[in-house]
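Trainee: Take a look at this one; I'll ask things after.
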Amino acid sequence: MKLSKVILTGAVGLMSLSLAACGGGDGDGGGNAGQTVFKLAFNQTEEHPQYAAGVALGEKLEEATDGRYSVKVYPNEQLGSQADVLQNVSDGTVELTWTGAPTLESYNPDFVVFNLPYMFDSTEAQNAVLSNTDALQDLYTSMEESKSFTVLTGVNAGTRNIYNSKHPITTPADLQGLKIRVQQSDSQVQMIEDMGAISSPMSNGDVYSALQTGVLDGAENNEVTWDALKQSEVAKYYSYTRHLMLPDYLIMSTKALDKMSEEDQAALLEIIPEVQQIANDGFADFTQKSIDHATEIGAEFNDDVDIDAFKATVQPLVEATVAESETRQELYQLVQDANAANPAK
Ligand code: GCU
């Protein structure tokens with residue numbers, strides 16, 4: 001059965017605990033006998049709140065399934081870049097991963113709507129959309145048949161800004177000639193070119209050395225990633241363009257889900273909002289720590305940015321992208337409603 005059915009109906013399997021399918025076979029030896037240990041791939045450090053959220057998922061799942069399931073989190077791209085890992089989740093060799101939103105665009109292009117610049121007016125607006133599981137149901141289950149993965153939840157991953165090794169950025173003209181890393185998707189490439197820079201798509205793990213060797217002049221990311229991955233040491237000018245609020249998604253192999261009993265699936269689903277909350281709460285706290293640390297090592301923050309000028313450069317991209325399908329227009333409307341209820345502070 002599909003997870004989508006569970007979410008739609010809230011159905012809890014009638015199987016009793018004793019009849020429930022016992023995992024087995026997939027364990028990595030770290031858990032109890034007969035326990036299935038899901039591998040959760042993560043591309044950042046153990047300090048990152050999504051690492052903690054992944055660990056919490058394992059603990060809660062173990063408790064809720066009487067030890068039948070647990071999770072082991074593999075940080076620092078140990079299992080590969082986000083793009084590579086998604087392929088493995090699709091194949092069923094990795095069961096879970098956190099992934100940046102643009103990586104999903106090549107699987108279902110409608111995911112692009114939440115990845116467009118200046119889409120969300122506030123963190124609260126983004127949280128309102130990402131908590132609206134009914135409205136996101138079709139999107140989140142859209143890749144189950146073709147790719148065999150299910151989106152379990154989306155979380156806030158801060159606001160992204162541009163940083164570089166040369167100088168502060170105030171207007172689009174300041175980006176001219178700068179080679180800026182973006183995530184690997186068409187929307188991200190187009191966005192940074194529209195804003196005035198030269199785009200260079202690559203995986204997150206390659207950014208530090210590319211900055212260090214001068215292959216890149218800069219990148220764009222939240223403060224947490226910029227500092228935790230030491231990019232703040234080699235690209236110290238951090239300018240508040242506030243151009244993106246990209247969600248991260250927790251993805252699960254549909255094949256792994258299907259192997260769980262209905263009862264265990266339901267237990268997993270019940271835990272997901274708690275995991276979402278842990279990731280979101282941790283992020284806000286970690287952002288301030290990252291700013292403090294980057295300041296200590298000599299980074300410079302610039303909040304004198306002509307946001308209206310940057311918005312104007314990407315407006316045609318936003319309009320053309322949203323107009324492409326009815327689904328995108330519906331998702332866009334969802335964001336607009338959330339923005340109206342949760343305006344920028
Ligand atoms: C953020 C996001 C990650 C993503 C990264 C990137 O850190 O949380 O999921 O991988 O940006 O720019 O690649």
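The values are calculated or read from the model by the stated rules, or taken from the named source; none is laboratory data. As the structure is a computational prediction, the values presented were derived from the model and not from experiment. When we count neighbours, we look across all protein chains shown, and the Cβ atoms used for this are built from the backbone with ideal geometry, even at glycine. In case anyone asks, the SASA skips ligands and DNA or RNA and just uses the protein heavy atoms, side chains included. Shrake-Rupley method; radii C 1.70, N 1.55, O 1.52, S 1.80 Å.
Trainee: Rank His243, His167 by accessible area, highest first, at a 1.4 Å probe radius?
Mentor: Reading off the accessible areas and sorting them downward yields His167, His243.
Trainee: Roughly how tilted is helix 307-323, in degrees to the nearest 10 and between 0 and 90, from the longest Cα axis of the chain?
Mentor: Long axis of 307-323 versus the principal axis of the chain: about 50 degrees.
Trainee: Arranged from highest to lowest average of other beta-carbon atoms within 10 Å per residue, in what order do the peptides 267-276, 252-261 appear? Could you put the intermediate results ahead of the total?
Mentor: Details: 267-276: 18.3, 252-261: 20.9.
My ranking of the peptides, most packed first, is 252-261, 267-276.
Trainee: What does the convex hull of the Cα atoms come to per residue for the chain, in Å³? Please list the in-between numbers first.
Mentor: Values: hull volume 43.0 nm³, N = 345.
Each residue corresponds to 125 Å³ of Cα convex hull volume.
Trainee: With a 1.4 Å probe and every protein chain left in place, work out the accessible area per residue of the chain in Å², rounded to a whole number. The partial results should precede the final answer.
Mentor: Details: 14110 Å² over 345 residues.
Solvent-accessible surface per residue comes out at 41 Å².
Trainee: When the scattering of region 157-206 is computed by the Debye formula from its Cα atoms alone, each counted once and equally, what is log10 I(q)/I(0) at q = 0.19, 0.23 Å⁻¹?
Mentor: Reported log10 I(q)/I(0), two decimals: -0.62, -0.90.
Trainee: Calculate the tail of P(r) for region 32-102: the fraction of all Cα-Cα distances greater than 18 Å, expressed in %.
Mentor: 37
Trainee: I'd like the distance separating the alpha-carbon centroids of region 96-173 and region 227-270, in whole Å.
Mentor: 9
Trainee: Additional query: Of the options Gln190, Ser165, Gln176, report the single residue whose Cα projects farthest towards the positive end of the charge dipole of region 153-209 (beta-carbon charges: Lys, Arg +1; Asp, Glu -1).
Mentor: Ranked along the dipole, the leading option is Ser165.
Trainee: Shifting gears a bit: If you fit an axis through the alpha-carbon atoms of helix 262-296 and take the longest principal axis of the Cα set of the chain, what angle between them do you get, 0 to 90°, nearest 10?
Mentor: 30
Trainee: Which whole-number percent gives the relative contact order of the chain, counting Cα pairs below 8 Å spaced six or more residues apart? Mind showing how you got there, number by number?
Mentor: On the way: 681 pairs, mean separation 87.2, N = 345.
Relative contact order, the chain: 25 percent.
Trainee: Take peptides 223-235, 277-289 and line them up by average Cβ neighbours within 10 Å, highest first, as a rough protection proxy.
Mentor: Working: 223-235: 22.4, 277-289: 17.1.
Top to bottom by mean Cβ count within 10 Å: 223-235, 277-289.
Trainee: Grab the alpha carbons of region 264-332, take their convex hull, and tell me the volume per residue in Å³.
Mentor: Numbers: hull volume 11.2 nm³, N = 69.
Dividing the Cα hull volume of region 264-332 by its residues yields 162 Å³.
Trainee: If you don't mind, another one. Given the protein chains as shown and a 1.4 Å probe, how many square angstrom of Leu246 are accessible, to the nearest 10?
Mentor: Using a 1.4 Å probe on the heavy atoms, I get roughly 10 Å².
Trainee: Turning to a different aspect of this structure: Could you tell me the relative contact order of region 46-159? Use alpha-carbon pairs under 8 Å, at least six residues apart, and round to a whole percent. Could you put the intermediate results ahead of the total?
Mentor: Numbers: 86 pairs, mean separation 19.1, N = 114.
Once normalised by length, the contact order is 17 percent.
Trainee: Put Ile251, Ile307 in order of accessible area, largest first, 1.4 Å probe: what do you get? Walk me through the intermediate numbers first.
Mentor: Working: Ile251 0, Ile307 45 Å².
Solvent-accessible surface, decreasing: Ile307, Ile251.
Trainee: Over the chain, what is the percentage of antiparallel beta bridges among all DSSP beta bridges, to the nearest 5?
Mentor: Details: 19 of 36 bridges.
Looking only at bridges with both residues in the chain, the antiparallel portion is about 55 percent.
Trainee: If you don't mind, there's one more thing I want to ask. At a probe radius of 1.4 Å, what is the per-residue accessible area of Val189, in Å² to the nearest 10?
Mentor: Using a 1.4 Å probe on the heavy atoms, I get roughly 40 Å².
Trainee: Using only the Cα atoms of region 188-231, what are the Rg and Dmax in Å?
Mentor: 10.5, 28
Trainee: Here is a follow-up. Given region 59-183 reduced to its alpha-carbon atoms as identical point scatterers, what log10 I(q)/I(0) does the Debye formula return at q = 0.13, 0.14, 0.15, 0.16 Å⁻¹?
Mentor: -0.72, -0.82, -0.92, -1.02
Trainee: Normalise the Debye intensity by I(0) for region 173-258, one equal point scatterer per Cα, no solvent, then take log10 at q = 0.16, 0.17, 0.25, 0.26 Å⁻¹ and round to two decimals.
Mentor: -0.64, -0.71, -1.41, -1.50
Trainee: Measure off 7 Å from each Cα along the Cα-to-Cβ vector at Glu145 and Ala33, then give the distance between these two points in nanometres to one decimal.
Mentor: Label-label distance for Glu145 and Ala33, simple model: 4.3 nm.
Trainee: If you don't mind, there's one more thing I want to ask. Helix 186-195 against the longest principal axis of the chain: what's the angle in degrees, Cα atoms only, rounded to the nearest 10?
Mentor: 20
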